[in-house]
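Report on the following structure.
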Amino acid sequence: MEIVLFTAVAVVLYLAADRLLAVVERRRGAALARRSVVFFFILLGLALPTFALIRALFGA
């Protein structure tokens, strides 16, 4: 059951990182040069604390 939770959260985090990157690019007025690297760091920054919180709450 944990794998389903982690997978669902990963999908939500992926979509959130994509939206956040789009907001950053829109405010900047241009696409970022290293878009995939910035996306990776946004996703990593969201995923690490979120998955740590899930592990702490559910003891997974």
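Listed by first and then second residue, the pairs linking a residue in the range 20-35 that is under 20 Å from Ala47 (Cα atoms) to a residue that is modelled with pLDDT under 95, with Cβ atoms under 9 Å apart and 6 or more places separating them unless they lie on different chains, are Leu21/Leu32; Val24/Leu32.
Under the condition of being within 10 Å of the chain's Cα centre (by Cα) and exposed (fewer than 10 other Cβ atoms within 10 Å of the Cβ), the residues counted in the range 20-48 number 0.
The values are calculated or read from the model by the stated rules, or taken from the named source; none is laboratory data. The structure displayed is predicted, hence computed values, not measured ones. Note that each Cβ is placed from the backbone with ideal geometry, even for glycine, and that neighbours are counted across all protein chains shown.
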